[in-house]
Amino acid sequence: MANAKKEAVRQTTKQTGTLPGGGVFELWKVFDAELVASTGTVESIVEASALNLGFLIAEFRNFGLYVTATSVSGTADVKVEIQQSWDDTAANYIEPAVGSVVVASLATETPAIYSLSPAPMPYLRLQVTGVAANPADSVVTAYLWMQS
């Protein structure tokens, strides 16, 4: 397993993070053409310094993921999962017993949108793993939506 080469980038500002009638939201670009070579695994990071590995999700209720995987040499095929932790320490991130697999085989190179159902833990990160026939030049781009 390896951390993503690029850290997540917030797409919303704090000023635009308030919904009419109350509530907040955040949109993050989690992966930006991140290489997932063959059967390799990549885990999202919030900060490249590794001070913040995952997203603090405690105040959010609704979650969505927009994801696309592409390859020049073939058809990308990746598995996308969520991992959660109670303390944002790398060793404590694991897949929840229920709802960890977002998609077992994303083998289409068109964007897809999924609902996420995290367990009641405060931190979340994404893990992408190449499936058996995944080409070595596959890249993944993903956006995480969180709303209270």
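Tabulated results
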read-out	value
Whole-Hz couplings from phi, Karplus 6.51/-1.76/1.60, listed for region 106-117; x for Gly and Pro	8, 10, 10, 9, 9, x, 9, 10, 10, 7, 10, 10
Likely footprinting exposure, 45, 82, 94, fewest C-beta neighbours within 10 Å first	94, 45, 82
Whole-Hz couplings from phi, Karplus 6.51/-1.76/1.60, listed for region 39-53; x for Gly and Pro	9, x, 10, 10, 10, 5, 9, 7, 10, 4, 5, 6, 6, 10, 7
Long-range amide H partners of residue 31 with built H, under 5 Å	142
Principal axis dimensions, region 47-110 - Cα atoms, whole angstrom, descending	39, 28, 20
Residues 87, 137, sorted so that the one with the fewest Cβ neighbours within 10 Å comes first	87, 137
Vicinal HN-Hα couplings computed from phi for region 131-137 (Karplus, 6.51 cos²θ - 1.76 cosθ + 1.60; Hz; Gly/Pro x)	7, 2, 9, 5, x, 5, 9
Cα-based shape type of region 25-72, given that a ≥ b ≥ c are square roots of the gyration tensor eigenvalues and the cut on a/c is 1.5	oblate
Sequence-distant residues sharing a close amide H with residue 102 (under 5 Å, placed H)	80, 81, 82
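No lab work stands behind these numbers, since they all come straight from the coordinates. In this text, all values refer to a predicted model and were calculated from it rather than measured experimentally. With ideal geometry, Cβ positions are generated from the backbone for all residues, glycine too; neighbour counts draw on all protein chains shown.
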